[in-house]
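Peer 1: Encoded as structure tokens, here's the structure I'll be asking about.
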Amino acid sequence: MEVMSLMMLGLLAVVVIYAVQLYNGLVSLKHNVDKAWANIDILLKQRHDELPKLVETCKQYKQFEQETLQRVITARSQVQEARQAQDIAALGGAEHALRSGLGRLFAVAEAYPELRSNENFMQLQQRISSLENAIADRRELYNESVNLNNVRIEQFPEVLLAGMFGFTAKPLLEFSGAEKSDVDLKQLFS
């Protein structure tokens, strides 16, 4: 009887240790998703802080297109609202609007030689472009972290622990169809 009890106790210990390892793995994945989102959030905030400077630099040129500036300002506030609410779906659409507005602003700026030669404008354009590249890199990392999390919580036996401890699927940061399609250069310069 003692041998059987020891075997059962040993088996129970193995099962508990295995369950703890699975749980810790799920916790690690959850925190990786949160960390990836925090990295995007920081870059979005940095870009958010740079955009008013860009708009003010462009406003110095009275004839610069006010509609283009307004489009960037509106999109900036939509991104800020989605970022603060951590609404991943809304952020994708708002990001598309902001990128379109910035693309148009940079394209329109080509018609203003004084603006293009403005040192502040050039620095801001380079800074915003580098932030855009960093955001794209972080989006990829975020989506990879989300994918790993979502796959793991659906696999057996993790699905049992995920259900018991409230681990949920996270949304991917998806892009609108327009953002994935080819750029219409005619529209940018019209």
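Here, each number is a calculation from the coordinates, and none is a lab measurement. Nothing here was measured: the structure is a model prediction, and the numbers come from that model. Reconstructed Cβ throughout: ideal geometry from the backbone, glycine too, with neighbour counts over all protein chains shown.
Peer 1: Among Thr57, Thr74, rank each residue by its count of other Cβ atoms within 10 Å, from fewest to most, as a rough exposure measure. Spell out each step's value before the answer.
Peer 2: On the way: Thr57 20, Thr74 14.
Final ranking by Cβ density, sparse to dense: Thr74, Thr57.
Peer 1: Also, quick follow-up: Explain nothing, just the number: relative contact order of the chain, from Cα pairs under 8 Å at least 6 residues apart, as a whole percent.
Peer 2: Relative contact order of the chain: 31 percent.
Peer 1: Using the beta-carbon distance between Leu12 and Leu161 and R0 = 25 Å, what value does 1/(1 + (r/R0)^6) give for FRET efficiency, to the nearest 0.05?
Peer 2: Efficiency, from the Cβ-Cβ distance: 0.90.
Peer 1: With each label point set 7 Å from Cα along the Cα-Cβ vector, what nm distance links Glu2 and Gln60?
Peer 2: Once both label points are built, they end up 8.9 nm from each other.
Peer 1: Glu174 to Gln80: extension gain in nm, 0.36 nm per residue of separation minus the Cα-Cα distance?
Peer 2: Details: separation 94, 0.36 × 94 = 33.84 nm, distance 1.71 nm.
Residue separation times 0.36 nm, minus the Cα-Cα distance, leaves 32.1 nm.
Peer 1: Once you have the alpha carbon radius of gyration of segment 1-129, what is it after dividing by 2.2 N^0.38 Å, with N set to its residue count? Let's see the in-between values first.
Peer 2: Working: Rg = 26.0 Å, N = 129, 2.2 N^0.38 = 13.9 Å.
Rg over 2.2 N^0.38 Å, computed on Cα atoms: 1.86.
Peer 1: For segment 88-170, state which GluC sites (Glu not before Pro) are in a DSSP loop and have at most 12 other beta carbons lying within 10 Å of their beta carbon.
Peer 2: Details: sites: Glu95, Glu110, Glu114, Glu119, Glu132, Glu140, Glu144, Glu154, Glu158; in loops: Glu110.
Within segment 88-170, the qualifying GluC sites (Glu not before Pro) (loop, at most 12 other Cβ atoms within 10 Å) are Glu110.
Peer 1: Which residue, Val33, Val55, Val151, has the most motion in a Gaussian network model of the chain that connects Cα atoms within less than 10 Å?
Peer 2: Comparing Val33, Val55, Val151 in a Gaussian network model of the chain, the most mobile one is Val151.
Peer 1: Rounded to the nearest 20 debye, what is the charge dipole size of segment 54-148 about its Cα centre when +1 sits on each Lys and Arg Cβ and -1 on each Asp and Glu Cβ? Provide the component values of the computation, followed by the final result.
Peer 2: Working: 11 positive and 13 negative charges, 33 e Å.
The dipole magnitude comes to about 160 debye.
Peer 1: Same structure, new question: In a Gaussian network model over the chain where Cα atoms closer than 10 Å are linked, find which of Leu91, Leu160, Leu102 has the largest mean-square fluctuation.
Peer 2: Maximum fluctuation in the GNM of the chain, among the listed residues, is at Leu160.
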